[in-house]
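Presented below is the structure to which this report refers.
The values are calculated or read from the model by the stated rules, or taken from the named source; none is laboratory data. On a predicted model such as this, the values are computed, not experimentally measured, just so you know. Virtual Cβ from ideal backbone geometry, glycine too; neighbours counted across all protein chains shown. What goes into the accessible areas is simple: the full protein's heavy atoms, side chains included, and nothing from ligands, DNA or RNA. Shrake-Rupley method; radii C 1.70, N 1.55, O 1.52, S 1.80 Å.
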Amino acid sequence: MRTRTLLAAAAAGVLLVGPVQATSLAEPAATNPAATPSAPVSAVLAAPDIPIANVRAHLTQLQTIATNNGGNRAHGRPGYRASVDYIRARLDAAGYTTTLQSFTSGGATGYNLLAEWPRGDANNVIMAGGHLDSVTAGPGINDNGSGSAALLEVALAVSRQNLTPTNRLRFGWWGAEERGLVGSTYYVNNLPSADRSRIRGYLNFDMIGSPNPGYFVYSASGQPSGSAELQRVLAAPFAAMGVPTELTSVGGRSDHAAFARAGIPIGGLFTGAEGTKTSAQAQKWGGTAGQAYDRCYHASCDTTSNINATALDRNSDAIAQAVWTLVGG
Ligand code: DTR
Ligand code: CA
Ligand code: ZN
Ligand code: ZN
């Protein structure tokens, strides 16, 4: 099934499915009428609520890791590898197939952590990721412990639900984003083209718990064909929550960029960094106008106190809903 059809069908909340035994989105053989897709059915189960307490517990662990390792979780420092080991251990215990991909940047070894849920059509892969490294100045709890912890908890929810998705689900925790999107670029550039063509979309989550939050959805404008469906799928949960969102043009400022350059549809969520919240935004979202979305961006004060729990909860739940929709949970 063409990418756009796949994502459009998923975004519509229905999947054209053949008889029960259909396990792929490939068009059924024309010669086999029995395989003719039945009427569209709502085959997408509702995503579970992601417990914000669990997400915050992961942030507390990442904070402890930073505190015990020189105050940061930066590329090439012990706190980064300890962060990888924390996430990987929980994914292994939950039944994921995990892979550590190493690379070198600035003379130090970096690591990408890939985790695949071993079910669903491997020819139709939906990826969700975010960077796990911090800057050297601090623990990086909002940037990007927030995205990393939410992704981990969504992955654990998939396992708890024992999901049998139509499509394949793969998570990525990227290294050395703060050195210039190094880990995600290494991953995409070293992926064989056949594997690259199996990725139907990439969702990026970098800073989703900012203390003075905005609710931003990555704009599909200027992005690869198919990105508009991802934009719609990511905006829908907030509409259901009654939370207005704004589109943000993310350019090359995070790990979606390498996927976009490879022509893979991208989407993502963001609660803001050094930018200043406007009066109009404060009117609709609360918080403080004239103040940065995250005053501790790239600073030592980016600790577990630098998180807005409501924003983190809403974004975590939105990630789960988008994943369930796109993989056909
Ligand atoms: N570059 C990210 C923070 C960041 C700044 N603008 C955007 C837009 C979309 C996602 C992330 C960001 C970082 O410092 O990790
Ligand atoms: Ca929740
Ligand atoms: Zn950063
Ligand atoms: Zn970041």
Original post:
According to a simple spin-label model (label point 7 Å from Cα along Cα-to-Cβ), what is the distance in nm between Asn190 and Glu274?
Top reply: 3.0
**OP:** On a 0 to 90° scale, report how tilted helix 227-241 is relative to the longest principal axis of the chain, with both axes built from alpha carbons and the result rounded to the nearest 10.
**Re:** 70
Original post:
Does anyone have the angle between helix 309-327 and the longest principal axis of the chain? Alpha-carbon axes, 0 to 90°, nearest 10?
Top reply: 20
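For a Förster distance of 30 Å, can you work out the FRET efficiency between the beta-carbons of Arg261 and Ala137, rounded to the nearest 0.05? Mind showing how you got there, number by number?
Details: r = 29 Å, r/R0 = 0.96.
So the FRET efficiency works out to roughly 0.55.
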Original post:
Residues with amide H under 5 Å of Leu169's amide H, sequence separation 5 or more or different chain, H placed in the peptide plane at 1.01 Å from N; which?
Top reply: Trp117, Arg119, Ile126
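Which of the peptides 207-214, 232-239, 150-157, 261-268 is most tightly packed, and how do the rest follow, going by the mean number of other Cβ atoms within 10 Å of each residue?
Values: 207-214: 27.6, 232-239: 20.2, 150-157: 25.1, 261-268: 22.9.
With the highest mean Cβ count within 10 Å placed first, the list reads 207-214, 150-157, 261-268, 232-239.
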Subject >> Label point distance in nm, Thr60-Ser300, each placed 7 Å from Cα along Cα→Cβ >> reply: 2.5
Original post:
Using a simple charge model, +1 on the beta-carbon of Lys and Arg, -1 on the beta-carbon of Asp and Glu, nothing else, what dipole does the chain show about its Cα centre, in debye to the nearest 20?
Top reply: 280
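With the other protein chains left in place, how much accessible area per residue, in square angstrom, belongs to the chain at a 1.4 angstrom probe? Could the numbers behind the result be given before it?
Values: 12450 Å² over 329 residues.
Value returned for the chain: 38 Å² of accessible area per residue.
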**OP:** Would you compute, from DSSP H runs of 4+ residues alone, the mean residue ellipticity of the chain at 222 nm, taking -39500 (n - 2.57) per run and dividing by the full residue count, rounded to the nearest 500?
**Re:** -10500 deg cm²/dmol
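Going by average Cβ neighbours within 10 Å, how do the peptides 158-171, 51-64, 93-106 rank, with the highest at the top?
Working: 158-171: 19.5, 51-64: 17.9, 93-106: 14.6.
Put in order of decreasing packing, that is 158-171, 51-64, 93-106.
Computed FRET efficiency, Cβ-Cβ of Gln161 and Thr310, R0 22 Å: what is it to the nearest 0.05? Write down the numbers at each step before the final one.
Details: r = 24 Å, r/R0 = 1.11.
With a Förster radius of 22 Å, E is 0.35.
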Subject >> In nm, spacing of pseudo-spin labels at Asp92 and Ser197 (7 Å Cα→C-beta vector) >> reply: 3.5
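Probe radius 1.4 Å, ligands and nucleic acids ignored: give me the carbon and sulfur share of the accessible area of the chain as a rounded percent. Please list the in-between numbers first.
Numbers: 6180 of 12450 Å².
Within the chain, the accessible surface is 50 percent carbon and sulfur.
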**OP:** Relative to the longest principal axis of the C-alpha atoms of the chain, give the angle of the C-alpha long axis of helix 78-93, reported between 0 and 90° and rounded to the nearest 10°.
**Re:** 30
